[in-house]
Amino acid sequence: MFALWYYLRYQDYPTRQIAIEITLLKINDLALMIYVTNYLLIPRLLYKKRYAVSVIAFILMIFASSVAKVYFMAQIMNQPELFSLAGNLKTRLYENVISDFFLVTTGASFKFIFDYLKMQQRLAEVAKEKAETELSFLKSQINPHFLFNSLNAVYFLINKENLQARNALHKFSDMLRYQLYEVKGTKIPIEKELSYLRDYVDLQKLRKDENYSVEFNCAPEVKDFSIGGIGLNNVKRRLELLYPEKHELLINNKEDSYKVDLTLKIDQ
């Protein structure tokens, strides 16, 4: 861009050095405005439906940038009259305001095109991922009625005095029912997921291994909202698809501990 601009306009300036400095000024000014528009104004204002603020900010940016550019051009060329309101104001307005407006708008249009294509690709990936997940779920289903009937049969074979074994089998049955029947939608209530985790932790405690301890702690305010479905094998991929730039997954796997911190930014 610099080379093309310099080649087309260098003859308009008294020396090549001044032509180089003016071209650098214009290129850097244009690049800065496009960067601010594409990475600040569009994602932080326009995409958040703050249309009036984004338009006003865009116009003010073009005007302020043009004024600053003309000022520095007057300094480089040692022509202070360029910064005055007298003279060929219409030509300067066209070259420094109107042209910048269309150039920056063109840069923003590429941003819109790329974001649209990226969104379409993400939607297609989510649809494909959902179909594959449902297919895997169907393939993993063994006859659930037979399975639960068998569990009930085993439950009644256990001596009534052995409450620990009965309770463990009951928890396992609830966990299995939750995975087979309730985890079907894209979102599930956090209360059901917490209940599943409590049952899982309780079953782990039955091992009574002195080499480790298992605790489950949950703040009381964790309630009344939904999260995405479970699935450990593809959890990272699903997070990328369902919560792009709205999640943080940290896994710390040490010899004597395993810790996962997952933060989700939930849209209200």
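Please treat every number below as a calculation from the coordinates, not as lab data. Everything numeric here is computed off the predicted structure, so don't read it as measured data. Glycine also receives a Cβ, built like all others from the backbone with ideal geometry; neighbour counts cover every protein chain displayed.
Structure summary
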{"item": "Shape category assigned to region 165-230 from the gyration tensor of Cα positions, a/c cut at 1.5", "result": "oblate"}
{"item": "Loop sites in region 9-99: chymotrypsin sites (Phe, Trp or Tyr not before Pro), DSSP, at most 12 other Cβ within 10 Å", "result": "Tyr47"}
{"item": "Gain in span if fully extended, Ile20 to Glu221, counting 0.36 nm per residue against the direct Cα distance", "result": "66.1 nm"}
{"item": "Taking Glu245, Glu240, Glu191 and counting other C-beta atoms within 10 Å, the order from fewest to most", "result": "Glu245, Glu191, Glu240"}
{"item": "Whether the chain is rounded, prolate or oblate, judged on the alpha carbon gyration tensor where a/c under 1.5 counts as rounded", "result": "prolate"}
{"item": "Computed over the chain: relative contact order in percent, which uses C-alpha pairs under 8 Å that are six or more apart", "result": "11"}
{"item": "Residue-by-residue Karplus 3J(HN,Hα) for region 12-27, coefficients 6.51, -1.76, 1.60, Hz, glycine and proline x", "result": "7, 10, x, 9, 5, 4, 5, 4, 5, 5, 5, 5, 4, 4, 5, 5"}
{"item": "Taking region 2-126 and dividing mean pair separation by its residue count, relative contact order in percent (alpha carbons under 8 Å, at least six apart)", "result": "25"}
{"item": "Inter-label distance, nm, simple model (7 Å from Cα along the C-beta direction), Asn152/Leu206", "result": "2.0"}
{"item": "Net lengthening on full extension, Gln11/Asp261 (0.36 nm per residue, minus Cα-Cα)", "result": "83.9 nm"}
{"item": "Stretch gain in nm, segment Tyr181-Ser136, where the contour uses 0.36 nm per residue and the Cα spacing is subtracted", "result": "14.8 nm"}
{"item": "Spatial separation of Cα centroids for region 187-213 and region 31-86, in angstrom", "result": "57"}
{"item": "Loop-exposed trypsin sites (Lys or Arg not before Pro) per DSSP, neighbour cap 15 Cβ within 10 angstrom, longest uninterrupted part of the chain", "result": "51-159"}
{"item": "Charge dipole magnitude, Cβ of K and R +1, D and E -1 - the chain, Cα centre, debye nearest 20", "result": "500"}
{"item": "Computed label-point distance, nm, for sites Tyr94 and Ile56 using a 7 Å Cα→Cβ extension", "result": "3.2"}
{"item": "Amide H within-cut-off set for Ile227, under 5 Å, with H built and near neighbours excluded", "result": "Ile188, Ile190"}
